[in-house]
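Taking it in order: structure first as structure tokens, then the write-up.
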Amino acid sequence: MKAYRASILYFSAQADSSLAHPQAVLETDGLLVVGPNAQGRQVVQAVGAYAALAPRFLNVPTEHFPGRIIAPGFVDLHIHYPQIDVIGSPAEGLLPWLDNYTFPQETRFAKPDHSAAAAEFFIAELLRNGVTTALTFASSHPESVNALFERAQHHQLRLITGKVLMDQHCPDGVRDDTEQSLIDTEALIARWHGVDRLGYAITPRFVPSCSAAQLRGAGELAAKYPDVWIQSHVAENFDEIAWVRQLYPQARSYLSVYEQFGLLRPRAIYAHCIHFDDEDRALMRTTGAAAAVSPTSNLFLGSGFFDYAGADRVGFGYGLASDVGGGTSFSPFHTMLAAYYVGREGQTKPDLSLSPQHLWWQHTGGAALALDLNGVVGNLLPGCEADFVVLNPQATPLLARRTAQAASLDELLFAMIVLGDDRLVEKTVISQAA
Ligand code: GUN
Ligand code: ZN
């Protein structure tokens, strides 16, 4: 067992639905006690006020972080590890951005050496930014998946990834073969899913890049392996949507194409979900699929604004994502701030304003809930895996000045969301196996 003394931020109860936005609690002089669970993995044993808990854990070695805040490690619901060299590439919109920057970079991931080096850089960048769980696109090359899983296993990270399925409408070098792509996917599931903290995600890139046969095969695998994740993109960009309409003129909507192939279910995470109507929202709710809201990407590529009011009115799950390299930053603080702007400006209900606690929840416990990992990651209640960040609110002169004057928890969280970046994250701690 080991204990950490600091201010401790956590959410007061595990939510049982995506609509519950649990209250954040800040224990100003708190104690976080971690120790092994039955499988030998470090989990939270107790959290609360130092004065109340310390007598019970007198013999437990305690590390003291004066002036620091311990908070749950962040959960990134959608990111592309082969796109670290794509961030900040200018394009008129999604489709030319894919053709001119993204596909050429992803071609390089056929090479195991390139994949391994990029994977190591990618994980270091996640950890520097306080992200301890990520649902990640690899490239279409199985080598890229092996490389990322190997590095994540080495770091004991909770990481979910999968080989991208893309057998049409994309160039040589990234395009795969329908039958082989499904064979490769099943082999990768057998090799990696459930090993240590690793999980597999069946990863059809998006409808235009997958033949009907490939989508059907992906849906069959999703039915055969119900605890494997699914990740894809939907309703991001108007040209993309028009293309899907051409390919599937009979479909009610873009989202319904995924339904038709059995790709909407719990543990299915769809990036963007911007241009939805209420029937789409209801389809997300009834199938248990969830949205990866990617505001820096949506602002950078000019895709549009996620409709928070619509999502809450109909009631489907969502959480926050960087979507690097369409997204512009690994930092959860940048993503939460962009989500705040989207919440203010992009709504059918103009007075909606996302609270700091709700923003923070979307990138921790709410994202974990979307992944069906509620109570496993994204919070620091007893039983949660001990993934956490140590935040230094004095990390910059302006942060120190502003946070010192915060008169409430909301003001403190907001100051960190607005002014924070990787400098705020002093340390990232990953749950270790005994
Ligand atoms: N749609 C299909 N592929 C991609 C991608 O790599 N990034 C984004 N933002 N949208 C996509
Ligand atoms: Zn994406």
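Worth a mention:
- Of all residues in segment 101-113, those being within 17 Å of GLN168 (Cα to Cα) and within 13 Å of ligand 1 (Cβ to nearest atom) number 4.
- Positions within segment 264-313 being within 12 Å of SER232 (Cα to Cα), among the aliphatic types (A, V, I, L, M) and away from ligand 2 (no atom under 16 Å from the Cβ), in sequence order: LEU264
- The residues of segment 302-318 that are open to solvent by less than 10 Å² (accessible area, probe 1.4 Å) and either farther than 16 Å from THR287 by Cα or β-branched (Val, Ile, Thr) (or both), listed by number, are SER303, PHE306, TYR308, GLY310.
- For segment 277-301, the candidate set comprises residues that are surrounded by 24 or more Cβ atoms within 10 Å (Cβ to Cβ) and in a helix (DSSP H, G or I); within that set, the residue that is nearest to ligand 1 (Cβ to nearest atom) is SER297.
- Of all the numbered requirements in (1) under 29 Å from GLY310 (Cα atoms); (2) assigned to a loop (DSSP other than H, G, I, E, B), TYR270 misses one, and that requirement is (2).
- Residue within segment 176-191 that is of a type outside the set (A, V, I, L, M), within 16 Å of ligand 2 (Cβ to nearest atom) and within 19 Å of GLN105 (Cα to Cα) present: no
- Residue ranges of helices (runs of 4 or more DSSP H) in segment 318-434 with at least 1 members closer than 22 Å to TYR308 by Cα: 332-345, 356-362, 365-370, 409-419
- Here ILE274 clears all of (1) within 14 Å of ligand 1 (Cβ to nearest atom); (2) open to solvent by 20 Å² or more (accessible area, probe 1.4 Å) except the condition numbered (2).
- Total residues in segment 45-88, condition under 30 Å from ALA116 (Cα atoms) and among the charged types (D, E, K, R): 2
- Qualifying residue in segment 77-86 (condition: of a type in the set (Val, Ile, Thr), closer than 28 Å to ALA368 by Cα, away from ligand 1 (no atom under 16 Å from the Cβ) and touching a residue at least 40 places away in the same chain (Cβ under 8 Å)): no
- Evaluated against (1) touching a helix residue (DSSP H, G or I) at 6+ places or on another chain (Cβ under 7 Å); (2) among the basic types (Lys, Arg); (3) open to solvent by 30 Å² or more (accessible area, probe 1.4 Å), LYS163 falls short on exactly one condition, (3).
- All positions within segment 190-243 that are hydroxyl-bearing (Ser, Thr, Tyr), under 22 Å from HIS169 (Cα atoms) and open to solvent by less than 10 Å² (accessible area, probe 1.4 Å): THR203, SER209, SER232
- Among the residues here, VAL174 does not qualify as away from ligand 1 (no atom under 16 Å from the Cβ), in contact (Cβ under 8 Å) with a residue 24 or more places away in the chain, in a loop (DSSP other than H, G, I, E, B) and at negative phi.
- Just one of the listed residues (ALA116, ALA152, ALA124, ALA138) is open to solvent by less than 30 Å² (accessible area, probe 1.4 Å), more than 27 Å from ALA212 (Cβ to Cβ) and either of a type in the set (Lys, Arg) or at pLDDT 95 or above (or both), namely ALA152.
- Candidates ALA190, ALA201, ALA222, ALA235: the one that is under 21 Å from ASP278 (Cα atoms) and of a type in the set (A, V, I, L, M) is ALA235.
- Selection count, segment 378-434, where residues are crowded, with 21+ Cβ neighbours inside 10 Å and of a type in the set (Gly, Ala, Ser): 4
The values are calculated or read from the model by the stated rules, or taken from the named source; none is laboratory data. This one's a predicted model, so the numbers in the text were calculated from it and none came from an experiment. Every residue, glycine as well, gets a Cβ built from its backbone with ideal geometry; the counts of neighbours run over all protein chains shown. For the accessible areas, the whole protein counts, side chains as well, though only heavy atoms, and no ligand, DNA or RNA atoms are used. Shrake-Rupley method; radii C 1.70, N 1.55, O 1.52, S 1.80 Å.
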